[in-house]
Amino acid sequence: MFSSHFITKKVFPSSKDTRIYKTDFPDFLKNENILIVIWKSNKKSKHINDKFNWKGFFILKKNGNYYSKICFGKPFSYKDFINGIKNNEIIFDSGMHMTNPRPYSTWRSSNQKFWYNHIIEEY
């Protein structure tokens, strides 16, 4: 969901929760659409522009179990980031996996397409 004040709001549809112990949760977590988090545009735009819109970024590419290339990407703006979300090239990963005991949240490229499209040098 996008608006002028928010990048996005993440809503969790509890009907899609397949965990067997979900019946043990408090009632407010059993509602169909639970608002998990909201990112405000002014905060996120500053973060994205400060981190990526100056000198760009770098990534390492793997070949099997070894890093084989270092790649440098051109700077990108908050607008590019938003377009990446809208095009499903950037997704929000809540980090809430059964195999991961540490909670975290991050934005990541859904298939590396976003990062690879911004690469300008490879070594």
Exercise. Direction-averaged shadow area of the convex hull around the Cα atoms of segment 40-122, nm²?
Worked result: 6.7
Exercise. Straight-line reach from K22: which aspartates and glutamates have Cα under 20 Å away, leaving out those fewer than 8 places along the same chain?
Worked result: E32
Seminar exercise, completed: Ordered by fewest other Cβ atoms within 10 Å, a rough proxy for footprinting exposure, D93, D50 read D50, D93
Problem set entry | Rounded to the nearest 20 debye, dipole of segment 40-122 from Cβ charges on Lys, Arg, Asp, Glu | 240
For this session: For the pairs K16/K46; K30/K113; K43/K86; K69/K113, note any where the Cα-Cα span goes beyond 24 Å.
Result: K16/K46; K30/K113
Exercise. Between S94 and K51, 0.36 nm times their residue separation minus their Cα-Cα distance comes to what?
Worked result: 13.4 nm
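Every read-out reported here was derived from the displayed coordinates using simple, explicitly stated rules and does not represent laboratory data. Quick caveat: nothing in here was measured; it's all calculated off a predicted structure. Neighbour counts are summed over all protein chains in view; Cβ atoms, including those assigned to glycine, are modelled from backbone coordinates with ideal geometry.
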